[in-house]
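Visitor: Okay, here's the structure, questions in a sec.
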Amino acid sequence: MEKADNTTPSREELAVYVEESIVSVTNTYEQSPVVLMVDDAVIGTLGNFSASIGKAKSKKTFNVSAIVASALRNSTVLHYRSTFPDNKRNILYIDTEQGRHHCQQILKRILRLAELQEDKKPDNLLMLALRKFSPKLRLAIVEQAIGTIPDLGLVIIDGIRDFLYDINSPGESTDIISKFMQWTDDRQIHIHTVLHQNKNDEHARGHIGTELNNKAETIMQIEVDKEDKTISVIEAVHIRDREFEPFAFRINEEALPELVEPYLYKEKKIGRPTKEPFDPYKEISESVHRAALDAAFANGNISSYDEYLERLKEGYRLQNVKLGHNKAVKVATFLGNKRMVIKEGKEYMVNPEYHY
């Protein structure tokens, strides 16, 4: 693993990092194993992370309980289907908001959902309640646990906001997401985290929400049904695989989430649907982004923003993607958020180490 502090690595350490980061055309690299699905749609693979977002009282923790119960059984709970390999069956559940008593209730709920004894310690599930610790210490505790638990496959972090002092800090947010990418890659695990939405819109809160949207494999939204407040609806808002059909659950008499079936998903807007804003992540594949950047930067770094936009237009045109000025600006913003293109001084350059 890379250094935990902020000191500059030595030339020797950098040489090791370069060596372990080389991609060889002759080596065989396995595709990330699928471990979490909703029906037949992939929402989680080893080496990546996903997130649930929702407003207060939307039943986010009940939804996460179903995901954990599915992983605990390695089977289907609600519409979540887990397929963790035998050497990745251990689960770490981190709660940053609740005290031990409430966390114990969550743990018992998970065991009942998994059809296990709620008064017997599960062999492959460890829950940590980190409410009393500072954000910096919470992060260190989680890093220690992730680094030492054998056969770890799934980590739940409910919620990510409590690892930051300032939810709108770009630096803190980038550091946390970088940790997620490091942990998932080094340990080949899947992390699923939880974040609140803003009260007045459907965006995940703060700069950390922006970073999650840019880097997560899947973002699921949990929302209370507009006509029946006892029902919570789950849908994909960002997903690399195909989208799954939204589904719903309610809390039954045993205080467990149960499916509402049949459930007719209602579109959020009535009348003629409006065209969604251009989204470079959804509408352009990773391979097209890569090819377009290769073309745009074929002659080296770019020294001005205007030239950068023009080169982007040409690079994407060669991939049969037409960009006007406004779309080119959105693509440039997306590439910057993804750290696919970085700016040093006045020059724009491709970042060879970016993580899509």
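The values are calculated or read from the model by the stated rules, or taken from the named source; none is laboratory data. All figures in this text were calculated on a predicted structure; none of them were measured in a lab. Cβ: placed from backbone, ideal geometry, glycine included. Neighbour counts: every protein chain shown. We work out accessible area using only protein heavy atoms, side chains counted, and drop any ligands, DNA or RNA first. Shrake-Rupley method; radii C 1.70, N 1.55, O 1.52, S 1.80 Å.
Visitor: Under 9 Å by Cβ, and 6 or more places apart or on different chains, what pairs join a residue from the stretch 229-255 that is within 17 Å of N214 (Cα to Cα) with one that is open to solvent by 40 Å² or more (accessible area, probe 1.4 Å) and of a type in the set (A, V, I, L, M)?
Guide: Matching pairs, first to second residue: D241/V34.
Visitor: On to the next question. What do you reckon, is F163 out of contact with any strand residue (DSSP E or B) (no Cβ under 6 Å at 6 or more places or on another chain) and within 18 Å of S50 (Cα to Cα)?
Guide: Yes: the conditions hold for F163.
Visitor: Is the stretch 2-15 home to any residue that is touching a helix residue (DSSP H, G or I) at 6+ places or on another chain (Cβ under 8 Å), surrounded by 14 or more Cβ atoms within 10 Å (Cβ to Cβ), of a type outside the set (S, T, Y) and under 20 Å from I157 (Cβ atoms)?
Guide: No, the stretch 2-15 contains no residue that is touching a helix residue (DSSP H, G or I) at 6+ places or on another chain (Cβ under 8 Å), surrounded by 14 or more Cβ atoms within 10 Å (Cβ to Cβ), of a type outside the set (S, T, Y) and under 20 Å from I157 (Cβ atoms).
Visitor: Out of the residues in the stretch 299-322 meeting the condition of being in a loop (DSSP other than H, G, I, E, B) and touching a helix residue (DSSP H, G or I) at 6+ places or on another chain (Cβ under 8 Å), tell me which one is most open to solvent (accessible area, probe 1.4 Å).
Guide: K322
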